[in-house]
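Peer 1: Before we start, here is the structure in question, set down as structure tokens.
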Amino acid sequence: MSETRFLFTRDNGEGGSLDVMMYDVSEQSVHRLTHGAGDDVSATLSPDGQQLYWGVQDGPNYILHRRDLAGGETVSRGVRVNIDSSPAISPDGRFMVFGRNEGNGYDLIRLDMETMEEVRLTGTD
């Protein structure tokens with residue numbers, strides 16, 4: 001992600017749901033990137049800055065979504081991932097790494113973006 005753009009979540013003012021926003025330092029402007037009915041959280045951009053990834057709340061879990069930042073249709077990856085913090089996409093776009101708290105503290109999880117298989121990189125056992 002360009003250091004002139006920062007992603008964050010904010011109450012959308014339409015019933016208390018959270019949406020993903022982007023602050024562009026060079027433009028000094030805020031852009032609303034998602035418009036979901038549920039909470040949209042844990043957003044990150046692809047290394048080339050062209051794809052937005054985020055989680056959409058579905059009960060206690062989050063469904064991973066993706067779409068072109070320039071617009072277009074949102075694609076649900078159909079997988080429930082509990083992304084608690086700091087998602088990042090690998091430079092080749094093959095993996096997402098993020099923090100997850102499973103009750104014993106945070107672990108790093110690597111998600112294969114093709115197979116959607118998870119591997120725990122750190123352990124709190």
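Peer 1: Look at Leu108 and say whether it is within 16 Å of Thr9 (Cα to Cα) and surrounded by 14 or more Cβ atoms within 10 Å (Cβ to Cβ).
Peer 2: no
Peer 1: Could you list all residues from the stretch 82-97 that are closer than 19 Å to Gly59 by Cβ and open to solvent by less than 30 Å² (accessible area, probe 1.4 Å)?
Peer 2: Ile83
Peer 1: Separate question: Residues of the stretch 53-79 being closer than 11 Å to Thr34 by Cα, among the aliphatic types (A, V, I, L, M) and in contact with a Lys or Arg (Cβ under 6 Å, 6 or more places away or on another chain), which ones?
Peer 2: Within the stretch 53-79, none qualify.
Peer 1: Out of the stretch 26-59, which residues are open to solvent by 60 Å² or more (accessible area, probe 1.4 Å), at pLDDT 90 or above and out of contact with any strand residue (DSSP E or B) (no Cβ under 7 Å at 6 or more places or on another chain)?
Peer 2: Ser26, Glu27, Gln28, Asp48
Peer 1: Quick check on my filter: what residues within the stretch 60-73 are open to solvent by less than 60 Å² (accessible area, probe 1.4 Å) and in a loop (DSSP other than H, G, I, E, B)?
Peer 2: Across the stretch 60-73, the qualifying residues are Leu69, Gly71.
Peer 1: Next question. Residues in the stretch 1-25 that are in a strand (DSSP E or B), open to solvent by 30 Å² or more (accessible area, probe 1.4 Å) and touching a Gly at 6+ places or on another chain (Cβ under 9 Å): how many?
Peer 2: 2
The values are calculated or read from the model by the stated rules, or taken from the named source; none is laboratory data. This structure is a prediction, so every number in the text was calculated from the model and none was measured. All Cβ positions, even for glycine, are placed from backbone atoms using ideal geometry, and neighbour counts span all protein chains on display. Ligands, DNA and RNA are excluded from the accessible area calculation, which covers all protein heavy atoms including side chains. Shrake-Rupley method; radii C 1.70, N 1.55, O 1.52, S 1.80 Å.
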